[in-house]
């Protein structure tokens, strides 16, 4: 079996979108889990942080929770967002390892894409969450027809965007498998979570004991 046939971009993208849609629906009735192995396990874990982040973001915008709860939610959002980005990189690292294992190498002059596969998979993850929660709106009994029409319009746009993004991801993976594109992981340079770079962290004075 050649390297070209050992990794099928179209099949992989289909597996990713099915994973994201299936788990979003299931996780709304159970604790988030990860029954996958290998590369799909990495995709599932990254998706799980988006799932957790989404629902904390909803709470953060509520006017019926205490300031103390909001503070806890904001810290949770910060943590989940960091993990979400960490696992985007892990997806790209796993793909690099997979391509190396299959003997796939970029040709001389291969170009770098502006977006990595991990970033595109992250966007598809968020889209699966958006679609699920938009569909929930169609089941509401307390809204008028104008609201329902607006939701259906947004769902139609989401469907187009999801299809376009899936096609673009498939094309990028085909280019990577063929060696026409080069995949790099640059590592994040986020400063706000680094206690040595965020002045509000390294400049904090230790509190005196009560």
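Just so you know, all these numbers are worked out from the coordinates, no wet-lab data involved. This one's a predicted model, so the numbers in the text were calculated from it and none came from an experiment. Cβ coordinates were reconstructed from backbone atoms using ideal geometry, including for glycine residues, and neighbour counts include every protein chain displayed.
For the chain, what does the relative contact order come out to in percent, with C-alpha contacts under 8 Å and a separation of six or more? It rounds to 27 percent for the chain. Roughly how far apart, in whole Å, are the Cα centres of segment 87-105 and segment 152-166? Using only Cα atoms to place each centre, the spacing works out to 28 Å. Once the chain from residue 115 to residue 180 is taken as fully extended at 0.36 nm per residue, the excess over their C-alpha distance is 21.9 nm. Using Stokes-Einstein with the Kirkwood hydrodynamic radius over Cα pairs, what translational diffusion coefficient do you get for the chain at 20 °C and a viscosity of 1.002 mPa s, in µm²/s rounded to a whole number? Answer, rounded: 109 µm²/s.
Of all the options 182, 39, 197, the one that moves most in a Gaussian network model of the chain with Cα springs shorter than 10 angstrom is 197. At full extension, residue 196 and residue 86 could sit 37.7 nm farther apart than now, given 0.36 nm per residue minus the alpha carbon distance.
Placing R0 at 22 angstrom, the Cβ-Cβ distance between residue 74 and residue 28 gives a FRET efficiency of 0.45 after rounding to 0.05. Scaled against the 2.2 N^0.38 Å expected of a compact globular protein of N residues, the Cα radius of gyration of segment 105-165 reads 1.65.
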